[in-house]
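Structure first, commentary second.
The values are calculated or read from the model by the stated rules, or taken from the named source; none is laboratory data. Since the model is a prediction, treat every value here as computed from it, not as a measurement. Note that each Cβ is placed from the backbone with ideal geometry, even for glycine, and that neighbours are counted across all protein chains shown. Ligands, DNA and RNA are excluded from the accessible area calculation, which covers all protein heavy atoms including side chains. Shrake-Rupley method; radii C 1.70, N 1.55, O 1.52, S 1.80 Å.
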Amino acid sequence: MNFYDIIFYIFAAITLLSALFVVTTRNIVHSAFYLLFTFFGVAGIYVLLGADFIAISQILIYVGGILILLLFGVMLTNKITNVEIRTGTVHMLPAAIATGIFMGAVVVVMVWTEWKSEPSATPLTTTTNIGHLLLTDYVLIFELLGILLLVALIGAASIARRDKE
Amino acid sequence: MYQFLYDLIGNEILAGLLVAVVPLTIILVFALFGIWLERKVSAHMQDRLGPMRTGWHGWLQTVADLMKMLQKEDIIATDADKTLYNIAPVLVFTGSFAAYAVIPFSSKLLGSEVEIGLFYVIAISSLVVAGILMAGWSANNKYSLLGAMRAAAQIISYEIPTALIVLSMVMFTGTLSLDKISQMQTSSFWNWNIFGGAIFGLSKFLLIPFMIVGALIIFTSTLAEVNRVPFDIPEAESELVAGYFTEYCGMKWGMFMLAEYGNMFAVSAIISILFLGGYQSPIGYLGNSIGTQWLVPFEQGFWFIAKGLALVFVQMWLRWTLPRLRVDQLMTVCWKYLIPFAFINLIIIGIISLI
């Protein structure tokens, strides 16, 4: 087992264990904080795959943006510790079937895909290529996403200001 | 650095760990020295002497304080959330330490030569925000929670002008690598980015005023990101005791202190790389002129630390000069002044760079 395999298993263990804690813990703030380690583990796996730009974006967007927003939302709510996050009804059978189908699909895709494996290749720099592709081949999608985000921002601002009239 | 150690030792794990030890040592020594410096600077500004009794002009004072701190009993409040309470200081320190992974101290002493160093530094500092929120919430103290909320809101807001200025510098230099940005500003202080970069021409002179404005904006906003006066409302001692680390004591409190001083030097290092030439000497190298090439990396390390310390000194100077801003003034400064100016600066630097 080489050095990078060990690091991969460490990151995989961090991701899976913290994800498990996210869904099992009773305390909603704890869930949010365990999510931090999940995001971080996924970013580590991206780095091992040579996708450094995606890894940093993962940390910047999910840890720096979404998680902080989530924490603000959770912490500013009135009851934190005693909130009942369990639903009353538990449908074991449909849940098992849905999860089974999803897992099956993931395993089938995993087996059928032809994975590229170049173990000792040094990862190339990806940022320049991503930048070029975003402004040439995928420029329409890029612009549309920009407009979508702008609309969301304007919407949020107008909702927040409505009371003051 | 890593390659050299790897050739020397022949073990990837050991070489990687040894590379990581270098910035850790720098943070620890800097924190010891920085706390002493802050006490001396504040003392001399207030016409006092500051610590004088331990060592020459009290330079061992922080070491003595550290000895005391290590012996303190570790008290955890009964109602605190113990798991998160214990993780939070480590997380905050990790965030500030991790930024050092990509900072080039000299052309030979740099941890990782990743292409996206600048982007990485901005991203990894968000770990600090999560750690601060964790500390504030887990202590179960209203001052801590308020301090953490203020800290998070402030850091997130001031990340925007910082990122905009960083973006304009990325547009200007065409790279995200901190090492390459430093290399571009070589040979003389006239080639530093604050003086319009290394390419001589009309655009260089047009750029100078906008570069100076950019440097001022990024200095102000990073000052807010490391929660220093005049932007220290998260730990305003007259209102919130000590903000998000009110309930911490002993070495856990020490970790927050280390992280604060680590962050101070890290943001100074980033500003000096972006605008003040990084590790490049302003006047040329002694090693080159007397023919001893091995001296050059050491000189570069000296200049880098000198520039970093000079900016840290300005931060301390401001701390003991300016009064604290109110919350609304703080947000006004960020959203109504710094962000519009940073946007205009971004556009103008972009247009001039095209000339």
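Just wondering, is there one or more residues in the range B:67-84 that are assigned to a loop (DSSP other than H, G, I, E, B), surrounded by 20 or more Cβ atoms within 10 Å (Cβ to Cβ) and within 14 Å of chain A (Cβ to nearest Cβ)?
Among the residues of the range B:67-84, at least one is assigned to a loop (DSSP other than H, G, I, E, B), surrounded by 20 or more Cβ atoms within 10 Å (Cβ to Cβ) and within 14 Å of chain A (Cβ to nearest Cβ), which makes the answer yes.
Out of the residues in the range B:180-191 that are open to solvent by 40 Å² or more (accessible area, probe 1.4 Å) and more than 12 Å from chain A (Cβ to nearest Cβ), which is farthest from B:GLY350 (Cα to Cα)?
Selected residue: B:SER187.
Within the range B:163-179, is even one residue open to solvent by less than 40 Å² (accessible area, probe 1.4 Å), in a helix (DSSP H, G or I) and touching a Pro at 6+ places or on another chain (Cβ under 9 Å)?
yes
Within the bounds of the range B:216-225, is there any residue that is modelled with pLDDT of 85 or more, surrounded by fewer than 17 Cβ atoms within 10 Å (Cβ to Cβ) and among the aliphatic types (A, V, I, L, M)?
Looking through the range B:216-225, at least one residue is modelled with pLDDT of 85 or more, surrounded by fewer than 17 Cβ atoms within 10 Å (Cβ to Cβ) and among the aliphatic types (A, V, I, L, M).
Exactly one of (1) over 29 Å from B:SER112 (Cβ atoms); (2) over 20 Å from the mean Cα position of the chain (by Cα); (3) in a helix (DSSP H, G or I) is unmet by B:TYR244. Its number?
Here B:TYR244 clears every test but (2).
I need the full set of residues from the range B:267-312 which are loosely packed, with under 15 Cβ neighbours inside 10 Å and either closer than 17 Å to B:PHE30 by Cβ or of a type in the set (Asp, Glu) (or both), in order please.
Of everything in the range B:267-312, those that are loosely packed, with under 15 Cβ neighbours inside 10 Å and either closer than 17 Å to B:PHE30 by Cβ or of a type in the set (Asp, Glu) (or both) turn out to be B:PHE302, B:ALA306, B:ALA310.
Filter the range B:110-128 for residues that are within 7 Å of another protein chain (Cβ to nearest Cβ), in a loop (DSSP other than H, G, I, E, B) and among the hydrophobic types (A, V, I, L, M, F, W, C); which is most open to solvent (accessible area, probe 1.4 Å)?
Checked the range B:110-128; the qualifying residue most open to solvent (accessible area, probe 1.4 Å) is B:VAL114.
Working only within the range A:50-60, note down all residues that are open to solvent by less than 30 Å² (accessible area, probe 1.4 Å) and either not in a helix (DSSP H, G or I) or not hydrophobic (A, V, I, L, M, F, W, C) (or both).
Correct list: A:GLY50, A:ALA51, A:SER57, A:GLN58.
Can you name every residue in the range B:194-215 that is touching a helix residue (DSSP H, G or I) at 6+ places or on another chain (Cβ under 6 Å) and either open to solvent by less than 20 Å² (accessible area, probe 1.4 Å) or at positive phi (or both)?
Matches in the range B:194-215: B:GLY196, B:LEU207, B:MET211, B:GLY214, B:ALA215.
Whether any residue in the range B:138-147 is within 9 Å of another protein chain (Cβ to nearest Cβ), open to solvent by 30 Å² or more (accessible area, probe 1.4 Å), in a helix (DSSP H, G or I) and farther than 21 Å from B:SER238 by Cβ is what I want to check.
For the range B:138-147, residues within 9 Å of another protein chain (Cβ to nearest Cβ), open to solvent by 30 Å² or more (accessible area, probe 1.4 Å), in a helix (DSSP H, G or I) and farther than 21 Å from B:SER238 by Cβ: absent.
Looking at B:LEU91, is it within 14 Å of chain A (Cβ to nearest Cβ) and surrounded by 14 or more Cβ atoms within 10 Å (Cβ to Cβ)?
Spelling it out, B:LEU91 is indeed within 14 Å of chain A (Cβ to nearest Cβ) and surrounded by 14 or more Cβ atoms within 10 Å (Cβ to Cβ).
For the range A:81-133, what are the residues that are among the hydroxyl-bearing types (Ser, Thr, Tyr), surrounded by 10 or more Cβ atoms within 10 Å (Cβ to Cβ) and either at pLDDT 85 or above or out of contact with any Leu (no Cβ under 7 Å at 6 or more places or on another chain) (or both)?
Filtering the range A:81-133 for residues among the hydroxyl-bearing types (Ser, Thr, Tyr) gives A:81, A:87, A:89, A:99, A:113, A:117, A:120, A:122, A:125-128.
Add one more test, that the residue is surrounded by 10 or more Cβ atoms within 10 Å (Cβ to Cβ), and what stays is A:81, A:99, A:125-128.
If the condition is that a residue be among the hydroxyl-bearing types (Ser, Thr, Tyr), surrounded by 10 or more Cβ atoms within 10 Å (Cβ to Cβ) and either at pLDDT 85 or above or out of contact with any Leu (no Cβ under 7 Å at 6 or more places or on another chain) (or both), then A:THR81, A:THR99, A:THR125, A:THR126, A:THR128 are the ones that fit.
So which of A:VAL22, A:VAL63, A:VAL47 ends up being of a type in the set (Val, Ile, Thr), within 25 Å of B:GLY136 (Cα to Cα) and surrounded by fewer than 21 Cβ atoms within 10 Å (Cβ to Cβ)?
A:VAL22
Any residue in the range A:8-26 that's more than 17 Å from A:ALA43 (Cα to Cα): show its pairings with residues that are outside any helix (DSSP H, G or I) and modelled with pLDDT of 90 or more at Cβ separation under 6 Å, as long as the two are six or more apart or on different chains.
none
Being charged (D, E, K, R) and within 30 Å of B:ASN141 (Cβ to Cβ) is the filter here; which residues of the range B:49-80 pass it?
Of everything in the range B:49-80, those that are charged (D, E, K, R) and within 30 Å of B:ASN141 (Cβ to Cβ) turn out to be B:ASP65, B:LYS68, B:LYS72, B:GLU73, B:ASP74, B:ASP79.
Across the range B:77-101, which residue is farthest from B:CYS249 (Cα to Cα) among those that are out of contact with any Asp or Glu (no Cβ under 8 Å at 6 or more places or on another chain) and modelled with pLDDT under 85?
B:ALA101
Mind checking which residues of the range A:17-48 are β-branched (Val, Ile, Thr) and not in a loop (DSSP other than H, G, I, E, B)?
A:VAL22, A:VAL23, A:THR24, A:ILE28, A:VAL29, A:THR38, A:VAL42, A:ILE45, A:VAL47
Could you grab me the full set of residues in the range A:34-65 that are out of contact with any helix residue (DSSP H, G or I) (no Cβ under 6 Å at 6 or more places or on another chain) and within 13 Å of another protein chain (Cβ to nearest Cβ)? So that I can check it myself, show each step before the final result.
Here is the first cut: in the range A:34-65, the residues out of contact with any helix residue (DSSP H, G or I) (no Cβ under 6 Å at 6 or more places or on another chain) are A:40, A:49-52, A:57, A:61, A:65.
A:PHE40, A:GLY50, A:ALA51, A:ASP52, A:SER57, A:ILE61, A:GLY65, listed by residue number.
Would you pick out the residues in the range B:29-48 that are touching a residue at least 60 places away in the same chain (Cβ under 8 Å) and either surrounded by fewer than 19 Cβ atoms within 10 Å (Cβ to Cβ) or not acidic (Asp, Glu) (or both)?
Residues satisfying the conditions are B:PHE30, B:ALA31, B:GLY34, B:ILE35, B:LEU37, B:VAL41, B:SER42, B:MET45, B:GLN46.
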